Amino acid sequence: MVLMVFLAGWLAVLTFMTLDTENAELSPALERGKAATIAFVHGDSIQVGYAFIQDQEQTLFKAVQQSQFALERAAVPLQDEAQELIAYANGPDVTRDEIQIAQNRLYEIEAQLAEIQNQSQSQLMQMENQLQSAVAQKLASEVAVFAEENGLEVVLNWGLSGEGVLYGSPSYDVTVELLAFLNARHMEAAPASEEATE
């Protein structure tokens, strides 16, 4: 009974605090009833057509290839040693103790190979996350500039599954214009970044 009274009191206090909280002020434009200027883009087209994203994917692809080559180089001596141990353990004059030693070393080699592979995968995952973050930040800042230059308050994404927009009039589709804008700015920035790396 005491618990029920306590809960009822606590709920009353929470209700009062919720009702007593002032609503956040609307922006002056929304207070005046100004409608936002809205456009949408096909996100899948941006994903495929934006040169910056293609450059990042190419960077990741090269990193995967380099990681694969490094993994193979590191694995070759261990694999060769494992083959020698197996051949030796299958020899006619090998003792039980020598077989045990060879087997223990094979377990160590297996663990080393797994560790090398795990490190490689971890590095690639970290790089992929960094590239995705870079793409998201770049796209957000560039779309903000595009929206400001074109007088847009809202830019929605229309993907393959229709998220964000269930229907959009073609006159509000700015995908082509945004892609042209993004790629032009990317090309302008590319020579500067190449000079900085030299």
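A short reminder: the numbers here are calculations on the coordinates, not readings from a lab. Note that the structure is predicted; figures quoted are calculated from it, not measured. Neighbour counts are summed over all protein chains in view; Cβ atoms, including those assigned to glycine, are modelled from backbone coordinates with ideal geometry.
Descriptive notes on the structure:
- Rounded to the nearest Hz, the phi-derived 3J(HN,Hα) couplings of the stretch 72-89 under the Karplus curve 6.51 cos²θ - 1.76 cosθ + 1.60 (θ = phi - 60°) are 5, 5, 6, 7, 4, x, 5, 5, 5, 5, 5, 5, 5, 5, 5, 4, 5, 5, where x marks glycine and proline.
- Least to most buried among Tyr107, Tyr172 (fewest other Cβ within 10 Å first): Tyr107, Tyr172
- A simple rule links phi to the HN-Hα coupling: the Karplus curve 6.51 cos²θ - 1.76 cosθ + 1.60 with θ = phi - 60°, which for the stretch 105-121 gives 5, 4, 4, 5, 4, 4, 5, 5, 4, 5, 5, 4, 5, 5, 4, 5, 5 Hz, with x for Gly and Pro.
- The amide H of Thr37, built 1.01 Å from its N in the peptide plane, has Glu153, Val154 as neighbours under 5 Å, considering only residues 5 or more places off or on other chains.
- Counted by Cβ distance under 13 Å from Ile116, the other residues give a net charge of -3, where Lys and Arg count +1 and Asp and Glu count -1.
- Taking amide hydrogens as placed 1.01 Å from N in the peptide plane, the amide H of His42 sits under 5 Å from those of Trp158, Thr175, each at least 5 positions away in sequence or on another chain.
- Shown here are the Rg and Dmax of the Cα trace of the stretch 27-197, at 27.2, 95 Å.
- The stretch 61-68 - phi-based ³J(HN,Hα) in whole Hz, Karplus 6.51/-1.76/1.60, Gly and Pro as x: 4, 5, 5, 5, 4, 4, 5, 5
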